[in-house]
Amino acid sequence: MTALADHWGINEAQFWLRQDLPERKVRYEESTGTWDVFGYPEIQQAITDPKAFSSDTRRLSPVADQTSTEGMLTQLDPPEHQKLRKLVSHAFTPKVVADLEPRISELTTELLDGMSGRAELVDELAYPLPVIVIAELLGVPAGDRDLFKQWVDSMFTTNNRFSLTETSPEQEEYLAKAMAEVGKLTDYLHQHVRERREHPREDLLSKLVLAEVDGQRLSDAEVANFGLVLLVAGHITTTMLLGNTLLCLDAHPEQFARVRADRSLVPRAIEESLRFLSPFAATARATTREVELGGETIGADQLVLLWVAAANRDPRQFDRPEVFDVTRDPNPHLAFGRGIHFCVGAPLARLEGRIALNLIMDRFPELRTDPDSPPEFMPNPSMTGVRRLPLLL
Ligand code: HEM
């Protein structure tokens with residue numbers, strides 16, 4: 001597998017795709033001033049202990065972040081997290097997701113109709129599909145997706161890790177620019193939220209505007225920020241999932257043939273792609289007190305990065321972790337996180353993956369990657385996913 005990560009040009013910082021995990025699974029990184037956690041049991045311990053490992057990491061951010069965390073589910077700790085999560089779970093019931101199936105199939109079919117000969121998977125299918133689905137669900141015009149792309153892309157263009165100890169002008173400039181772009185997206189959502197207060201519709205933004213938690217309504221800022229989380233979390237990761245899955249199958253033709261012949265393997269192939277190339281490589285926590293983890297003592301108020309993508313290659317949990325195996329079962333990967341912040345959109349991402357992969361295989365029996373035009377990966381070290389995947393259909 002060493003050759004694969006290098007061959008694909010994945011950021012070298014993602015060493016777990018190339019070699020065994022280091023002996024020490026928890027270590028302080030001088031250059032960034034953060035703690036890195038690479039092991040499966042260590043991450044499991046941290047991710048299921050929100051009291052010691054808080055999700056409110058912005059208080060430790062290298063730049064003063066003026067935007068509020070109101071409604072930012074990913075940044076909230078109990079009890080606020082529980083309240084908002086309850087509301088959101090209402091919007092993402094298994095039925096709501098299952099009911100999207102016909103629309104997702106229709107959209108995928110339309111997008112596949114536009115592909116022939118040489119195609120680029122990300123632009124033509126893997127980006128538009130999840131964005132249109134999440135935009136329709138929220139109730140914002142899917143036609144504005146070029147705007148979302150521009151705003152969201154600005155957050156993920158860096159190929160460096162940020163440092164808490166040595167802030168550079170480049171880093172500050174990058175963060176300020178990214179925050180300005182995110183601000184535009186929040187303003188855009190604010191406008192829609194205000195409009196829904198006046199004229200509610202059937203969409204998710206309206207449901208959130210009208211929703212009550214313990215007798216209290218959500219503020220405009222809470223609804224807009226939550227919309228932002230959904231729009232960002234809801235599309236970029238699923239785009240990577242679709243691209244990564246096809247790339248992994250293409251690189252393992254015998255397994256691709258098995259999945260084509262036995263479609264009941266599709267869900268497992270998707271889970272294995274999530275484990276093998278986890279789109280969201282790391283998630284951050286802030287320690288609230290001194291804590292022991294993996295034999296190390298971490299002080300209070302430290303930024304801790306939980307590298308779920310590395311844990312998904314931990315041989316203490318997975319047999320032959322470097323092998324892509326579409327029959328792996330069970331596959332308790334951490335690509336969607338675990339515990340109270342477990343990905344709200346996991347059922348939707350899985351559904352989109354299953355529908356898209358099945359329809360792609362139906363439509364293009366000879367599909368393969370283009371040997372003259374290699375895939376391109378996201379440069380950001382905390383994401384693993386194709387952003388360009390040229391195909392020969
Ligand atoms: C949370 C990954 C798709 C919405 C998370 C977390 C991970 C993750 C690792 C946990 C973060 C943490 O513990 O700090 C992924 C991956 C996806 C995906 C790999 C696709 C392959 C989606 C979709 C949506 C979504 C489609 C929305 C429609 C969310 C939300 C949270 C979350 C709202 C926060 C949950 C909370 O804090 O309680 N996701 N996600 N995700 N995800 Fe996803």
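The values are calculated or read from the model by the stated rules, or taken from the named source; none is laboratory data. Computed from a predicted structure; not experimentally measured. Using ideal geometry, Cβ is built from the backbone for each residue, glycine included, and neighbour counts are taken over all protein chains shown.
Structure above, values below:
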{"item": "Residues satisfying the stated conditions in the range 193-221, i.e. part of a helix (DSSP H, G or I) and either surrounded by 20 or more Cβ atoms within 10 Å (Cβ to Cβ) or in contact (Cβ under 8 Å) with a residue 60 or more places away in the chain (or both)", "result": "Val193, Arg196, Leu204, Leu205, Ser206, Lys207, Leu208, Val209, Ala221"}
{"item": "Looking only at the range 334-365, and only at residues there that are of a type in the set (A, V, I, L, M, F, W, C) and free of Cβ contacts under 8 Å to residues at least 24 places away in the same chain, the one that is surrounded by the most Cβ atoms within 10 Å (Cβ to Cβ)", "result": "Ala346"}
{"item": "Yes/no for Ala356 being small (Gly, Ala, Ser) and out of contact with any strand residue (DSSP E or B) (no Cβ under 9 Å at 6 or more places or on another chain)", "result": "yes"}
{"item": "Flag for Asn380 being within 16 Å of the ligand (Cβ to nearest atom), part of a loop (DSSP other than H, G, I, E, B) and either loosely packed, with under 15 Cβ neighbours inside 10 Å or modelled with pLDDT under 95 (or both)", "result": "yes"}
{"item": "Qualifying residue in the range 172-187 (condition: modelled with pLDDT under 85 and of a type in the set (Val, Ile, Thr))", "result": "yes"}
{"item": "Condition check for Leu175: away from the ligand (no atom under 16 Å from the Cβ), within 30 Å of Leu303 (Cα to Cα), in contact (Cβ under 8 Å) with a residue 40 or more places away in the chain and surrounded by 13 or more Cβ atoms within 10 Å (Cβ to Cβ)", "result": "yes"}
{"item": "Residue check, Lys83 basic (Lys, Arg), part of a helix (DSSP H, G or I) and either touching a strand residue (DSSP E or B) at 6+ places or on another chain (Cβ under 8 Å) or modelled with pLDDT under 80 (or both)", "result": "yes"}
{"item": "Out of Asn331, Asn312, sole residue that is under 22 Å from the mean Cα position of the chain (by Cα) and surrounded by fewer than 21 Cβ atoms within 10 Å (Cβ to Cβ)", "result": "Asn331"}
{"item": "Counted residues, the range 254-303 - those being within 11 Å of the ligand (Cβ to nearest atom), part of a strand (DSSP E or B) and more than 30 Å from Phe364 (Cβ to Cβ)", "result": "3"}
{"item": "Test for Thr48: is it out of contact with any Phe, Trp or Tyr (no Cβ under 6 Å at 6 or more places or on another chain) and within 14 Å of the ligand (Cβ to nearest atom)", "result": "yes"}
{"item": "Residue check for Ala251: farther than 28 Å from Gln75 by Cβ and among the small types (Gly, Ala, Ser)", "result": "yes"}
{"item": "Flag if Val308 is touching a Lys or Arg at 6+ places or on another chain (Cβ under 6 Å) and either over 24 Å from Thr239 (Cα atoms) or within 16 Å of the ligand (Cβ to nearest atom) (or both)", "result": "no"}
{"item": "Residue under evaluation Ser68, criteria (1) touching a helix residue (DSSP H, G or I) at 6+ places or on another chain (Cβ under 8 Å); (2) within 14 Å of the ligand (Cβ to nearest atom); (3) modelled with pLDDT under 90; (4) among the small types (Gly, Ala, Ser), criterion not met", "result": "(2)"}
{"item": "Residue that is surrounded by the most Cβ atoms within 10 Å (Cβ to Cβ) [pool: residues in the range 119-148 that are touching a strand residue (DSSP E or B) at 6+ places or on another chain (Cβ under 6 Å) and not in a helix (DSSP H, G or I)]", "result": "Ala119"}
{"item": "Residue match in the range 76-85 (condition: within 28 Å of Glu376 (Cβ to Cβ) and crowded, with 17+ Cβ neighbours inside 10 Å)", "result": "no"}
{"item": "Single condition Val386 does not satisfy, out of (1) surrounded by fewer than 22 Cβ atoms within 10 Å (Cβ to Cβ); (2) within 14 Å of the ligand (Cβ to nearest atom); (3) closer than 25 Å to Leu107 by Cα", "result": "(1)"}
{"item": "Selection count, the range 99-118, where residues are surrounded by 12 or more Cβ atoms within 10 Å (Cβ to Cβ) and in a helix (DSSP H, G or I)", "result": "10"}
{"item": "Selection status of Asp49, more than 19 Å from the chain's Cα centre (by Cα), surrounded by fewer than 14 Cβ atoms within 10 Å (Cβ to Cβ) and acidic (Asp, Glu)", "result": "no"}
{"item": "The range 331-377, residues that are closer than 22 Å to Ile134 by Cα, more than 14 Å from the ligand (Cβ to nearest atom) and among the aliphatic types (A, V, I, L, M)", "result": "Leu359, Ile360"}
